[in-house]
Amino acid sequence: MSKILLINDMPGYGKVAFSAMIPVLSHMGYELFNLPTAVVSNTLDYGKFDILETTDYMKRTIGIWDELGFDFDAVSTGFIVSEEQARIIAEFCQKKAESGTLIFTDPIMGDEGQLYNGVTEDTVSHMRNLISVSDCCVPNYTEAVCLSGAEYRADGASEEELRDVIDRLLELGAHSVVITSCQVAGEQGKCVMGYDHKGKQYFKIGFQEIPIRFPGTGDIFSAVLLGRVLGGSGLCESTKAAMDTVSEMIRCNADNADKYKGIPLESCLDLIERGGNGR
């Protein structure tokens, strides 16, 4: 059974971050461990929230784990609160990568052409260091452009431009890349574009957006993708499985009254494709 360390935040109320990824990957048969970057009162969609940063705890925990010799088959990173955390996590992942641990990164920094509040150029720089040791990085289009230094195209980019963004991330050191929420100029719908270093091939998977927002769907996508890849599936196949799973979960919960708390995963784990799981 593969051991996965998740580095992300812990919400008190809502199915995002740990609360979304742990049920999915547990259902897929993996042994999970966690290193919280923050404790968050509830999903941010409610408008009011409190965040307790855990940087000092992270430092002490990593030191203790080093002394105890704990190791993992894969590390998956998500929400990072500060520049200091980005540096700490980048150094930790670099050390783990040197010993053979697979590194999966979701560089959560912004969306719709804008960086989130509190994300600085230093944070971006440390995130590039993290990308440089990643076996697979999964940014959205905004994050991919920010990391690569490419120009953001609000009305959609050409496939050639999107491939250029991928190539720039590969040049940073990432082995494989999956960019979500891409808009190709002149095309209906959106797509996910990626590069699989094992097959040495680019891929593009189109989709029609469902006009319903649930927080945490990106975390579900990352979890299914990670689980499938670790189970032996190819990156393109794993990406398609993650996309299909998220779409089905959204459709099955479209009538939920309180969408701010995310998808109630306990009721729909059976929708996860089980081929290539960790059992």
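The values are calculated or read from the model by the stated rules, or taken from the named source; none is laboratory data. Just so we're clear, the structure is a prediction, and the values are computed from it rather than from any experiment. In this analysis, Cβ positions are derived from the backbone assuming ideal geometry, glycine residues included, and neighbour counts consider all displayed protein chains. These accessible areas exclude ligands, DNA and RNA; they are computed on the full protein's heavy atoms, side chains included. Shrake-Rupley method; radii C 1.70, N 1.55, O 1.52, S 1.80 Å.
Per-structure values
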item	result
Filter result for T43 (hydroxyl-bearing (S, T, Y), under 26 Å from R228 (Cα atoms) and open to solvent by less than 10 Å² (accessible area, probe 1.4 Å))	no
Members of region 193-204 that are part of a strand (DSSP E or B), open to solvent by 10 Å² or more (accessible area, probe 1.4 Å) and closer than 27 Å to N8 by Cα	Y195, D196
Hey, K15 open to solvent by 70 Å² or more (accessible area, probe 1.4 Å) and either in a loop (DSSP other than H, G, I, E, B) or touching a Gly at 6+ places or on another chain (Cβ under 9 Å) (or both) or not	no
Members of region 18-38 that are in contact with a Lys or Arg (Cβ under 8 Å, 6 or more places away or on another chain), open to solvent by less than 30 Å² (accessible area, probe 1.4 Å) and free of Cβ contacts under 8 Å to residues at least 40 places away in the same chain	none
Test for E53: is it surrounded by fewer than 20 Cβ atoms within 10 Å (Cβ to Cβ), touching a residue at least 24 places away in the same chain (Cβ under 8 Å) and farther than 21 Å from L265 by Cβ	yes
Residue check, S222 part of a loop (DSSP other than H, G, I, E, B), open to solvent by 10 Å² or more (accessible area, probe 1.4 Å), modelled with pLDDT of 95 or more and not charged (D, E, K, R)	no
Looking only at region 87-143, and only at residues there that are touching a Leu at 6+ places or on another chain (Cβ under 6 Å) and farther than 19 Å from T37 by Cα, the one that is least open to solvent (accessible area, probe 1.4 Å)	D135
Checking I103 against (1) closer than 26 Å to G234 by Cβ; (2) modelled with pLDDT under 95, the condition it does not meet	(2)
